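What follows is a single structure, written as structure tokens, with notes after it.
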Amino acid sequence: MHAGLGHLKRETDLCLDRPAELVERVFEYSRGSIRPLQIAEELASLAAQVRQLRPRTVLEIGTANGGTLFLWTRLADAGATIVSIDLPGGKFGGGYPSERGIVYRRFTRSTQKLHLLRENSHDPRTRAKAVRLFGGEPIDLLFIDGDHTYEGVKQDWEQYSPLVRPGGMVVFHDIAGNYDDTQVKELWDSIKCGCRYEEYVVDSNGYYGLGILFM
């Protein structure tokens, strides 16, 4: 899994302004070992928006295979601070084993800071840790892809969105449809009105989908 990561970093740095190619390379790396859990076309549209934002502070809730985490390291500012919160054994994505953290730490540029919190995002102590790691700075990009139940995603939204600066972005995954325990759409539909937002949904069966709120 370690082989070729440096090559991937160099390759992806050359296609930052070609988001579809950037995402494709991440999907294909090492036979999908860090493959994102999103649809490539939707993720490419999001990558274009993040590229424009050039965030200096990124908070990701739900990391799983690490594919989106890798993308943030490429698309964020060279001096960015990135914090990942991921629940070991979590129902949605299952969390990642601790040894993968060794690989994830190699994603960054030399001048970026990455912090991996293998904890429950709903715990107030986890939120407090994230605030400290950002040094009190507001968040430019918040990516919510953890607990997909209505109450779970609502809690992530209510706890972490106040940390996002005006002009920043909050991104939700799985906004396309409610099914089983995935109820992100219900929360998304209740908060998007009155805000500037974008939706990227390509699956005709009502699955997946990415939504951006511009704060």
Those residues of region 108-129 which are within 22 Å of Ser161 (Cβ to Cβ) and part of a loop (DSSP other than H, G, I, E, B), in sequence order
Glu119, Asn120, Ser121, His122, Asp123
Among the numbered conditions (1) touching a residue at least 40 places away in the same chain (Cβ under 8 Å); (2) touching an Asp or Glu at 6+ places or on another chain (Cβ under 8 Å), tell me where Leu117 comes up short.
(1)
Candidate set from region 190-215 (those that are over 16 Å from Ala47 (Cα atoms), of a type in the set (Gly, Ala, Ser) and assigned to a loop (DSSP other than H, G, I, E, B)); member that is modelled with the lowest pLDDT
Gly194
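Which of the residues belonging to region 1-15 are loosely packed, with under 15 Cβ neighbours inside 10 Å and not small (Gly, Ala, Ser)?
Met1, His2, His7, Arg10, Asp13, Leu14
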Condition check: at pLDDT 95 or above, farther than 21 Å from Tyr208 by Cβ and not in a loop (DSSP other than H, G, I, E, B). Does Arg105 satisfy that?
yes
Complete set of residues in region 89-102 that are exposed (fewer than 13 other Cβ atoms within 10 Å of the Cβ) and either part of a loop (DSSP other than H, G, I, E, B) or of a type in the set (Gly, Ala, Ser) (or both)
Gly89, Pro97, Ser98, Glu99
Being among the polar types (S, T, N, Q), in contact with a Leu (Cβ under 8 Å, 6 or more places away or on another chain) and at pLDDT 95 or above, is that true of even one residue in region 121-138?
yes
Is it the case that some residue within region 114-121 is surrounded by 14 or more Cβ atoms within 10 Å (Cβ to Cβ), of a type in the set (D, E, K, R) and on the phi < 0 side of the Ramachandran plot?
yes
Select from region 163-180 the residues that are over 19 Å from Arg196 (Cα atoms) and not in a strand (DSSP E or B) and write down the one among them that is farthest from the chain's Cα centre (by Cα).
Asp180
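So, in region 194-215, of the ones that are more than 18 Å from the chain's Cα centre (by Cα) and not hydrophobic (A, V, I, L, M, F, W, C), which residue ends up nearest to His148 (Cα to Cα)?
By that ranking, first place goes to Gly206.
Filter region 166-193 down to the residues that are surrounded by fewer than 13 Cβ atoms within 10 Å (Cβ to Cβ) and small (Gly, Ala, Ser), then identify the one that is nearest to Tyr150 (Cα to Cα). Show your work before the answer.
Of region 166-193, the ones surrounded by fewer than 13 Cβ atoms within 10 Å (Cβ to Cβ) are 166-167, 180-181, 189-190, 193.
Restricting the remaining residues to those that are small (Gly, Ala, Ser) gives 167, 190.
Values: Gly167: 26, Ser190: 11 Å.
Among those residues, the one meeting the criterion is Ser190.
Anything in region 138-162 that is assigned to a helix (DSSP H, G or I) and small (Gly, Ala, Ser)? List them, or say none.
If the condition is that a residue be assigned to a helix (DSSP H, G or I) and small (Gly, Ala, Ser), then Gly152, Ser161 are the ones that fit.
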Just checking, how many residues over region 31-45 are touching a helix residue (DSSP H, G or I) at 6+ places or on another chain (Cβ under 8 Å) and either under 19 Å from Val153 (Cβ atoms) or of a type outside the set (Val, Ile, Thr) (or both)?
9
Taking the criterion of being of a type outside the set (Ser, Thr, Tyr) and more than 19 Å from Asp174 (Cβ to Cβ), would at least one residue in region 140-158 satisfy it?
yes
Just need a number here: residues in region 40-82 that are surrounded by fewer than 21 Cβ atoms within 10 Å (Cβ to Cβ), among the aliphatic types (A, V, I, L, M) and either touching a Cys at 6+ places or on another chain (Cβ under 8 Å) or not in a helix (DSSP H, G or I) (or both).
1
Among Tyr104, Tyr96, which is among the aromatic types (Phe, Trp, Tyr) and over 22 Å from Thr182 (Cα atoms)?
Tyr104
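The values are calculated or read from the model by the stated rules, or taken from the named source; none is laboratory data. The structure presented is a predicted model; accordingly, all values stated were derived computationally and were not measured. Please note: Cβ atoms are built from the backbone with ideal geometry, for glycine as well, and neighbour counts cover all protein chains shown.
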